[in-house]
Amino acid sequence: MSNGLRPDLALIADWVAPGSQVLDLGCGDGALLAYLQAAKGCRGYGVEINDAQVLACLRAGVDVIQQDIEAGLGMFHAPSFDVVVLSMAIQMTHQTERVLREMSEVGGEGIVSLPNFGHWSHPWAILRGRMPVSRELPYEWYNTPNLHMATVRDFEDLLGRLGLTITGRAFLSDGRPVRRAPALRATQAIYRFRRG
Amino acid sequence: MPLPGSVGVVTPQRMRFDAPLALRSGASIAGYELVYETYGTLNAARSNAVLVCHALNAGHHVAGVHRDAPDDIGWWDNMVGPGKPVDTDRFFVIGVNNLGSCFGSTGPMSPNPATGKPYGPDFPVLTVEDWVHAQARLADALGIERFAAVMGGSLGGMQALAWSTLYPARIAHCVAVATAPKLSAQNIGFNEVARRAIITDPDFHGGRFYDHGVVPARGLQVARMIGHITYLSDDVMGEKFGRALRQHASDIVLRSDYRFTFDVEFEIESYLRYQGEKFSGYFDANTYLLITRALDYYDPALQHGGDLTLALAPARADFLLVSFTTDWRFAPGRSREIVEALLANGRRVTYAEIDAPHGHDAFLLDDAQYMAVMRSWFERVDAWVRAHGGGR
């Protein structure tokens, strides 16, 4: 995990083949794309709604389309990208199924990182009478932007129901790889998938 | 006095072109002149030139002031100048008054060599593409083979887009702000109302009003009034004027009731009339017809079966598209059509949708996010200049 990238982004970057066309949904400051452009000769676009993040992308030399990803990806004609990335944002989407379906339509492969709501600390917090608050879920119940929380198993079920085949998975706990009992021990999960 | 960050006093220049320019309409024009201004210094590699294309009622005076008119500040002075987003310490910026306009370049007011009288209605109808070809000749004359960027807002953005496909090798970056890939029926409708106001003014005289020593001022005023409404958002108009009543000189106490006349009653009426009167004092009626027609005719997809992706396929530039959420003249969706076609062509494109309250006019104003986007984009253009022999 080098390059100064957030750990889940570093993992995602490892999965992206050199020279790929990449669409990064909810790309934030464009760090992933900037790295992929510089280190792997990739090309692509970020999609971001936030003004400050759009500026950060511009400054990072990343092409960004200012748009709400839930407004649909109709602007991106299918199939135009080798990889479509959605990092740590799926839990904030209203129409989660639609976003995943569209990802698989405009890209050959989808990669999603998400917080694992099934982490052991979360039921523990609830047992103590509190909503979970953690590094990956830093919000209080009254100010969280997160709408759709999933456990690892929940998410895999949804991919299956959408007819998407999981081609890779990885798990992190506070940025470090988790191999055993990830459903309980991982704070973040990263999946790659494709249609059919 | 020029403010800090201003290019200061500038002197318009004039270039004559003797070779005939073939126009889209089939007509051609020879022996025409273009008035232009430049700011900053062209580098030795001639790689730092930026062309600024103007919209309906602006011209070559983009930044700074004229010696004899210190209050006449350039129309994009907030964008262009030392330390400004388009930094004249780095870029050589050119503003050019388009053919057919009324600020010094050859247009309907100029003498027709065939008759010795003003062209008037005989001035050839022009298109956005014709303007771009004329601008390219100016660039040739100035020794600029390739622009670091061509930029413009509204109708100016259409010219920047046209540059990207007509001269793909001559434009590295294309900046199109608050623009559209073609006018909608509603847009054309507004233009037609404006033209009818001018043409039906008895002082228009079929466009030969110069010979009668008059101008169709009433028609121009109405044209400007309707145009002005489309430049502002409903919210900004409501905030600025609301339903406030106009106080007349004869009012002794603050008026709170109507006058029950058709004279100016509301502040918005007074404002629009003032804008109309100001405009009719300096703008040529035939130019207004010409430029609104150029807007109507702009439709690069027309010759490609309506397929904008095909129309933009020749482009090689990197693109910045900017729209404003409250612009209902050229709403964000119009810019997104362009972005979509550029994406389909695999072009490098950035699209910023600025949440500004001012409507179409926002492209001329100082929104912090808008200015920051432009500044960051021109950092990228500057990096390109430095990579192309542009050491300072």
Quiz item: Listed residues B:Asp72, B:Asp89, B:Asp77; which is assigned to a loop (DSSP other than H, G, I, E, B) and without any contact (Cβ under 8 Å) to a residue 24 or more places away in the chain?
Solution: B:Asp72
Quiz item: Among B:Ala45, B:Ala58, which is the only one that is touching a Gly at 6+ places or on another chain (Cβ under 6 Å) and in a loop (DSSP other than H, G, I, E, B)?
Solution: B:Ala45
Quiz item: Has region B:323-333 got at least one residue that is open to solvent by 10 Å² or more (accessible area, probe 1.4 Å), assigned to a helix (DSSP H, G or I) and within 14 Å of another protein chain (Cβ to nearest Cβ)?
Solution: yes
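Looking only at region A:104-130, how many residues end up being in contact (Cβ under 8 Å) with a residue 24 or more places away in the chain and open to solvent by 40 Å² or more (accessible area, probe 1.4 Å)?
The first filter runs over region A:104-130 and keeps only residues in contact (Cβ under 8 Å) with a residue 24 or more places away in the chain, leaving A:104-120.
From what is left, the residues that are open to solvent by 40 Å² or more (accessible area, probe 1.4 Å) are A:105, A:117, A:120.
The total comes to 3.
Name the single residue, out of those in region B:189-215 being basic (Lys, Arg) and part of a helix (DSSP H, G or I), that is farthest from B:Asn286 (Cα to Cα). Give the derivation first.
Start the filter on region B:189-215 by keeping residues that are basic (Lys, Arg), which leaves B:195-196, B:208.
Of the ones still in play, those that are also part of a helix (DSSP H, G or I) are B:195-196.
On the way: B:Arg195: 9, B:Arg196: 12 Å.
Going through the qualifying residues, I end up with B:Arg196.
Which one of these is in contact with a Gly (Cβ under 8 Å, 6 or more places away or on another chain), aromatic (Phe, Trp, Tyr) and over 16 Å from A:Leu159 (Cα atoms): A:Phe81, A:Phe117, A:Phe76? First the steps, then the outcome.
Numbers: A:Phe117 fails: in contact with a Gly (Cβ under 8 Å, 6 or more places away or on another chain); A:Phe76 fails: in contact with a Gly (Cβ under 8 Å, 6 or more places away or on another chain).
Going through A:Phe81, A:Phe117, A:Phe76 in turn, the sole match is A:Phe81.
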Quiz item: So B:Pro300 clears everything in (1) within 12 Å of chain A (Cβ to nearest Cβ); (2) closer than 15 Å to B:Ser164 by Cα; (3) not small (Gly, Ala, Ser) except one condition, right? Which one?
Solution: (1)
Quiz prompt | Residue satisfying all of: in region B:334-361; part of a helix (DSSP H, G or I) and open to solvent by less than 10 Å² (accessible area, probe 1.4 Å); nearest to the other protein chains (Cβ to nearest Cβ) among these | solution = B:Val339
Self-check item: Single residue of region A:46-103 satisfying the filter (in contact with a helix residue (DSSP H, G or I) (Cβ under 7 Å, 6 or more places away or on another chain), away from chain B (no Cβ under 14 Å) and assigned to a loop (DSSP other than H, G, I, E, B)) that is surrounded by the most Cβ atoms within 10 Å (Cβ to Cβ)
Solution: A:Thr93
Self-check item: Filtered residue count, region B:362-382, keeping only those that are under 20 Å from the mean Cα position of the chain (by Cα), more than 11 Å from chain A (Cβ to nearest Cβ) and surrounded by fewer than 22 Cβ atoms within 10 Å (Cβ to Cβ)
Solution: 3
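Among the listed residues B:Val125, B:Val132, identify the single one that is β-branched (Val, Ile, Thr) and open to solvent by 10 Å² or more (accessible area, probe 1.4 Å).
Working: B:Val132 fails: open to solvent by 10 Å² or more (accessible area, probe 1.4 Å).
The match here is B:Val125.
The values are calculated or read from the model by the stated rules, or taken from the named source; none is laboratory data. Note that the structure is predicted; figures quoted are calculated from it, not measured. Virtual Cβ from ideal backbone geometry, glycine too; neighbours counted across all protein chains shown. Remember, those area values only see protein heavy atoms, side chains included, never the ligands or the DNA or RNA. Shrake-Rupley method; radii C 1.70, N 1.55, O 1.52, S 1.80 Å.
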